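The values are calculated or read from the model by the stated rules, or taken from the named source; none is laboratory data. A quick note: this is a predicted structure, and the numbers were derived from the prediction, not measured. No Cβ is skipped: glycine too gets one built from the backbone with ideal geometry, and neighbour counts run over all protein chains shown.
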Amino acid sequence: MRQWADVAVVGAGPAGARVAELLAKEGVRVVVLDPRAPWEKPCGGGLTPHAFDAVPELEEVRAFARPVSALQIESKGSAIDVPLLRPVWMVSRLDLGRWQLDRATTAGAIFRPVKVRHIGKVAGAWSLTTDAGTIRSEFLVGADGAASLVRRVTSPKLQVELAPTRVAYTCLSGPPTDRAVLRFFPRIAGYLWDFPRNTHRSVGVGVPEATWRRPRMDGEVDRYRMEGAPCRCDDVDRAGAVIGTAQHDHGDFSKVAGPDFALLGDAAGFADPLTGEGILNAMISAELLAEAWLAGEPRSYPARARRRFAREFEIARVLRRTMFETEHGVRLIQRAAASPLAWASIWFMVQMIAEHAVEVRSLGRLVLPALQAAKERVRAEAMTGDTALCHCERVSETPAHVTRCSPRPAGLGAVA
Ligand SMILES: Cc1cc2nc3c(=O)[nH]c(=O)nc-3n(C[C@H](O)[C@H](O)[C@H](O)COP(=O)(O)OP(=O)(O)OC[C@H]3O[C@@H](n4cnc5c(N)ncnc54)[C@H](O)[C@@H]3O)c2cc1C
């Protein structure tokens, strides 16, 4: 195989498939290379409501995704229920990948299921060596994820923080649920999630680099799965991956591109530093690059990325430092089980993240609904006597942190 392309895209995840689609639609000769796509990448697969506003084509994904209308937020034995203003949608990455790749190839992109092993330059053009031959291109796009080969070759000084994760894919058990679970740990800027999808659950844990090793992560996931599980569901597939976030030298995005290359998505460190959410940012970065390229100004991509992401990343890092790298986040969750004001603060933060409300005006729009939600909660508390999902008492310290939980009050729904 020997091929010439205007643009060679390494990686066909959310970033690579999206940029290939957008460029091919405009007649650009695009080759996209990925040995695994489409595949079940280890991921929560959560898409926030804002993702559907930002990328309207994602509406089609609702047909094969599962809506979640409330979050159960837990820490150290306390759990609270936080209804969402608009649902978050949980999607299998295999299904999302198929849908995206299909759109890219329909638009005219050429897909090759091959791994890029070596990247060099020959007579001023990029030369990509794969097991099936060489691809030459004028422009190179690195959409090859957090451990990007393209980044190592083109922009080695771009420091990307690689947060490790472990995921267990397990069957759906118990009554149908439209609730996802997030569990936080003291002084750790990571969390455990339980996201119900259409045919299975993604239960996983992600932590900052060098925090927990794999056995500890698997142990937390298993402990969670066993606690009060209506069915043990031992049929589990495990996987791991890293999430890529970068500091971007506090607002300097210049390392994500050069005259004839650009990095997208996780390869550029564009996953959210607080939540690890990166599917939408990968797709948005693809759109920013496609716009810049089609306008004949590929060099404007870093500035476009800075305008789009800098503020959001800054806020996420502040929240991460103040809430989750300290005990504050955990204490707030514990207080929220009894205090409507603490509960309203968490409600506010959850909607802010789900709705990507980073501007003062959009944050302001959340204040009244937060107070209303807190008022409703006080009313519900007066009727049921308690709105906390469960109260747990620690009965042993180590190693299993065994807790004994009182039953959940009726009417608040069951948890998968
Ligand atoms: C466990 C976990 C849970 C997550 N949960 C969520 C979530 O709930 N919601 C959310 O929005 N985000 C989540 N994320 C983040 C999300 O998965 C990423 O941000 C997103 O997939 C980034 O998209 P991308 O296209 O940049 O990279 P990727 O999706 O990683 O795609 C990169 C592609 O490049 C290919 N590739 C790599 N090397 C080569 C090579 N040498 N040659 C050819 N191809 C190559 C890979 O096969 C892969 O398909 C999670 C991540 C992890 C690890």
Check your understanding: So which of Thr129, Thr154 is of a type in the set (Ser, Thr, Tyr), in the same structural domain as Gly269 (by TED's automatic domain parsing) and buried (at least 17 other Cβ atoms within 10 Å of the Cβ)?
Key -> Thr154
Check your understanding: Failed condition for Asp266, given (1) surrounded by fewer than 23 Cβ atoms within 10 Å (Cβ to Cβ); (2) in contact with a helix residue (DSSP H, G or I) (Cβ under 9 Å, 6 or more places away or on another chain); (3) in contact (Cβ under 8 Å) with a residue 24 or more places away in the chain; (4) closer than 23 Å to Val10 by Cβ, with all others met?
Key -> (1)
Review point. Out of the residues in the range 56-85 that are among the basic types (Lys, Arg) and closer than 28 Å to Phe185 by Cβ, which is surrounded by the most Cβ atoms within 10 Å (Cβ to Cβ)?
Key: Arg66
Study note, to complete from the structure: Only one of Asp53, Asp34 is surrounded by fewer than 16 Cβ atoms within 10 Å (Cβ to Cβ) and either within 16 Å of the ligand (Cβ to nearest atom) or modelled with pLDDT under 95 (or both), namely Asp53
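Working only within the range 313-338, note down all residues that are more than 26 Å from Phe270 (Cβ to Cβ) and of a type outside the set (A, V, I, L, M).
Applying the first criterion (more than 26 Å from Phe270 (Cβ to Cβ)) to the range 313-338 yields 327-328, 330-338.
Once the filter is applied, which keeps residues that are more than 26 Å from Phe270 (Cβ to Cβ) and of a type outside the set (A, V, I, L, M), the range 313-338 yields Glu327, His328, Arg331, Gln334, Arg335.
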Exercise for review: Collect the residues in the range 56-90 that are near the ligand (Cβ under 9 Å from one of its atoms) and either β-branched (Val, Ile, Thr) or outside any strand (DSSP E or B) (or both), keeping them in residue-number order.
Suggested key: Val88
Point to revise | Number of positions in the range 37-50 that are within 18 Å of Leu84 (Cα to Cα) and more than 6 Å from the ligand (Cβ to nearest atom) | key: 4
Exercise for review: Search the range 103-120 for residues that are on the phi > 0 side of the Ramachandran plot and pair each with any residue that is more than 12 Å from the ligand (Cβ to nearest atom) and outside any loop (DSSP other than H, G, I, E, B) when their beta-carbon atoms are under 8 Å apart and the residues are at least 6 apart or on different chains.
Suggested key: Gly108/Ala24; Gly108/Lys25; Gly108/Val30
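Out of curiosity, is Val28 more than 13 Å from the ligand (Cβ to nearest atom), of a type in the set (Val, Ile, Thr) and not in a strand (DSSP E or B)?
The answer is yes for Val28.
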Exercise for review: Report whether or not Ile315 is in contact (Cβ under 8 Å) with a residue 24 or more places away in the chain, β-branched (Val, Ile, Thr) and buried (at least 21 other Cβ atoms within 10 Å of the Cβ).
Suggested key: no
Exercise for review: Sort out which residues of the range 152-204 are of a type in the set (S, T, N, Q) and closer than 18 Å to Asp81 by Cα, and write them in order of number.
Suggested key: Thr177
Check your understanding: When you look at Lys121, is it under 25 Å from the mean Cα position of the chain (by Cα) and either surrounded by fewer than 23 Cβ atoms within 10 Å (Cβ to Cβ) or more than 10 Å from the ligand (Cβ to nearest atom) (or both), yes or no?
Key -> no
Exercise for review: Examine the range 245-260 for a residue that is over 25 Å from Gly296 (Cβ atoms), modelled with pLDDT of 95 or more and within 17 Å of the chain's Cα centre (by Cα), and state whether such a residue exists.
Suggested key: no
Point to revise | helices (runs of 4 or more DSSP H) contained in the range 223-320 and holding at least 3 residues closer than 15 Å to Phe139 by Cα | key: 279-294
Check your understanding: So Thr165 clears everything in (1) in a strand (DSSP E or B); (2) of a type in the set (S, T, N, Q); (3) more than 10 Å from the ligand (Cβ to nearest atom) except one condition, right? Which one?
Key -> (3)
Revision key, fill the gap. Within the range 147-162, residues more than 8 Å from the ligand (Cβ to nearest atom) and outside any helix (DSSP H, G or I) come out as Ser155, Pro156, Lys157, Leu158, Gln159, Val160, Glu161, Leu162
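For the range 7-25, which positions are in a helix (DSSP H, G or I) and either touching a Cys at 6+ places or on another chain (Cβ under 8 Å) or near the ligand (Cβ under 6 Å from one of its atoms) (or both)?
If we filter the range 7-25 for residues that are in a helix (DSSP H, G or I), which is where we start, we get 14-25.
Correct list: Pro14, Ala15, Gly16.
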**Study point:** Unmet requirement for Arg238, which otherwise passes all of (1) over 30 Å from Ala125 (Cα atoms); (2) buried (at least 22 other Cβ atoms within 10 Å of the Cβ)
**Key:** (2)
